[in-house]
Amino acid sequence: MESNPYAAPRSAVNDVTLEKHGRPILVWIITIFMLIGVMGGVVSTAAALLGRPIGGAQAAEHLSAMGTGDYLWALVFSLAAIPAYVDLFRLKRRALPFLVGLFLAGQVVMVANLLLRAHYRAMFEVSGGYWSLLAGVVFNLAIIGYVWRLRAKGVLR
């Protein structure tokens, strides 16, 4: 009997498993949440730069000690976060070092401001102010830990 070299193989293939398609739900949640945060950061920073801070007179009082450089720095951080979260949404490996870099830069700026600027400390000396800083650090570390896990599992490519 002749064999046809173009015929499909006749042996059973049992070692193939179905691949999961799509993004993990937590990637969707993180991306949407951070998109809202980035948009809010850009809008509130732009409003403050234009002299009309969101939050009325109380916000204006707290923000009066901040200079244009502070607002520009906040705007740069907000805009720099966009490619990091786009990379996370696209499940790219480079999302992790980008997020770690943004986190570390933010921590350096925060610690320097807390140590060197009394008016910056005063913004957080209201009831529970430092807890909000701690919550932000913990939240960002949780995101970085999750992205690290995705990278270790090979989800990020």
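We did not get these values from a lab; they are worked out from the coordinates using the rules stated. Values in this document were obtained by computation on a predicted structure and should not be read as measured data. Neighbour counts run over all protein chains shown; Cβ positions are idealised from the backbone, glycine included.
Points worth noting:
Yes/no per residue for (1) farther than 20 Å from G40 by Cβ; (2) among the aliphatic types (A, V, I, L, M); (3) surrounded by 15 or more Cβ atoms within 10 Å (Cβ to Cβ):
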| site | (1), (2), (3) |
| --- | --- |
| S78 | no, no, yes |
| F89 | no, no, yes |
| V100 | yes, yes, yes |
| G106 | no, no, yes |
| A112 | yes, yes, no |
| R121 | yes, no, no |
| Y130 | yes, no, no |
| L150 | yes, yes, yes |
| V155 | yes, yes, yes |
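- Which listed residue is part of a helix (DSSP H, G or I) and either acidic (D, E) or out of contact with any helix residue (DSSP H, G or I) (no Cβ under 9 Å at 6 or more places or on another chain) (or both), from F139, F77: F139
- Residue match in segment 106-119 (condition: free of Cβ contacts under 8 Å to residues at least 40 places away in the same chain and closer than 30 Å to R23 by Cα): yes
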